[in-house]
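These notes are about the structure you will find just below.
The values are calculated or read from the model by the stated rules, or taken from the named source; none is laboratory data. The model shown is predicted, which means the values in this text are computed figures rather than measured ones. When we count neighbours, we look across all protein chains shown, and the Cβ atoms used for this are built from the backbone with ideal geometry, even at glycine. Surface accessibility is based on the protein's heavy atoms, side chains included, excluding ligands, DNA and RNA. Shrake-Rupley method; radii C 1.70, N 1.55, O 1.52, S 1.80 Å.
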Amino acid sequence: MYSFASLLSITRERELFEKISAAKSLFVTLFSEVGNQVGLVDLNEIHPDQKGMKISKGNELQQCPYQVLDIIRDFNKESGLNIRVLHWWGRGLFLQLYFGRMHPFLQTPGLEKLAQSRFYLCKADRWNYQKIIDEQHVEPFDTQNLPNHLLHYSHLQLIKSLPIREPERLVPELVLEIRQLYSLLRE
């Protein structure tokens with residue numbers, strides 16, 4: 001696919017790697033700022049088994065770097081809840097929402113409002129981002145299909161793509177998206 005010479009030549013491009021490092025750091029900083037702004041609420045009020053917020057990063061998700069802001073962080077297949085902001089290089093910025101199959105929110109009127117929030121239903125294993133994002137194993141979220149979906153996947157995972165903007169616009173937009181989720185989850 002790539003010749004040894006072409007691969008070796010990029011290892012000499014110091015500025016390229018400095019830019020990559022700066023871009024990774026920028027997204028970690030942005031996610032920290034978002035986390036600080038949305039973390040002002042009592043997350044226990046939304047989900048008592050929550051484990052707080054966490055920023056993660058890596059280099060090898062389908063050969064590309066990624067940065068993640070996880071909020072609430074309970075991945076229990078029965079009762080879990082997680083809000084995730086994922087920046088995946090070469091793919092974009094995504095907001096994800098994960099519910100265990102028996103999470104109480106799935107029985108509330110708030111679920112119908114969530115269905116109107118431009119989220120797509122993930123039709124793959126919850127960690128298989130290649131299928132979810134690259135191969136588009138998603139469909140518009142419709143609460144009528146939820147019982148059948150939960151029988152097959154045993155969790156509900158929703159995703160929506162977000163535009164990447166300048167930091168002074170991106171942070172407030174992410175904060176707004178997450179606060180709107182908080183509002184729905186409290187209903």
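Computed over the chain with a Gaussian network model linking Cα atoms closer than 10 Å, the most mobile of L16, L176, L61 is L16.
Helical content of the chain, expressed as a calculated mean residue ellipticity at 222 nm, amounts to -11500 deg cm²/dmol (DSSP H runs of 4 or more residues, -39,500 (n - 2.57) each, divided by residue number, nearest 500). For the Cα atoms of the chain, what angle does the longest principal axis make with the long axis of helix 167-186, in degrees from 0 to 90, nearest 10? It works out to around 20 degrees. What Kirkwood hydrodynamic radius do you get for the range 103-187 when you take the inverse of the mean 1/r over all pairs of distinct Cα atoms, in Å? Its Kirkwood hydrodynamic radius stands at 14.1 Å. Within the straight-line cut-off of under 20 Å between alpha carbons, the aspartates and glutamates reachable from K54 are E33, D42, E45, D70, D74, E173, E177, sequence neighbours fewer than 8 places apart in one chain being disregarded. Normalised by the number of residues in the chain, the average gap of Cα pairs under 8 Å and 6 or more apart makes the relative contact order 19 percent. Computed across the range 44-99, the Kirkwood hydrodynamic radius from all distinct Cα-Cα pairs reaches 11.9 Å. Considering only alpha-carbon pairs that sit under 8 angstrom and 6 or more positions apart, the relative contact order computed for the range 1-70 is 25 percent.
The distance between label points at Y2 and T108 comes to 4.7 nm (points 7 Å beyond Cα on the Cα→Cβ vector). Sparse packing (at most 15 other Cβ atoms within 10 Å of the Cβ) combined with a DSSP loop state is found for the following trypsin sites (Lys or Arg not before Pro) in the range 1-68: R12, K51.
Within the listed set R118, R165, R126, the Gaussian network model of the chain (springs between alpha-carbon atoms below 10 Å) gives the highest mean-square fluctuation for R165. When the GluC sites (Glu not before Pro) in the range 115-184 are filtered for DSSP coil states and for at most 15 other beta-carbon atoms within 10 Å of their beta-carbon, the remaining sites are E135.
Going by alpha carbons, how many degrees (0 to 90, nearest 10) lie between the helix axis of 14-38 and the longest principal axis of the chain? In the chain, helix 14-38 runs at an angle near 20 degrees to the longest axis.
When its C-alpha radius of gyration is set against 2.2 N^0.38 Å (N residues), the range 1-59 gives a value of 1.82. Values (i) 57, 37, 26; (ii) 61, 34, 28; (iii) 200, 31, 29 are given for comparison; Cα extents along the principal axes in Å, derived from the coordinates here, is the one labelled (i).
Comparing I164, I132, I83 in a Gaussian network model of the chain where C-alpha atoms under 10 Å apart are linked, the largest mean-square fluctuation is found at I164.
Enumerate the residues in the range 22-62 having an amide nitrogen under 17 Å from the point lying 7 Å beyond the Cα of E168 toward its Cβ. Inside the label zone: 30. In this calculation the C-beta distance from E45 to W127 is compared with R0 = 22 Å, giving a FRET efficiency of 0.20.
Protein heavy-atom accessible surface, 1.4 Å probe, per residue over the range 40-187: 51 Å². When a 1.4 Å probe is rolled over the protein heavy atoms, the share of accessible surface on the chain that falls to carbon and sulfur comes to 52 percent.
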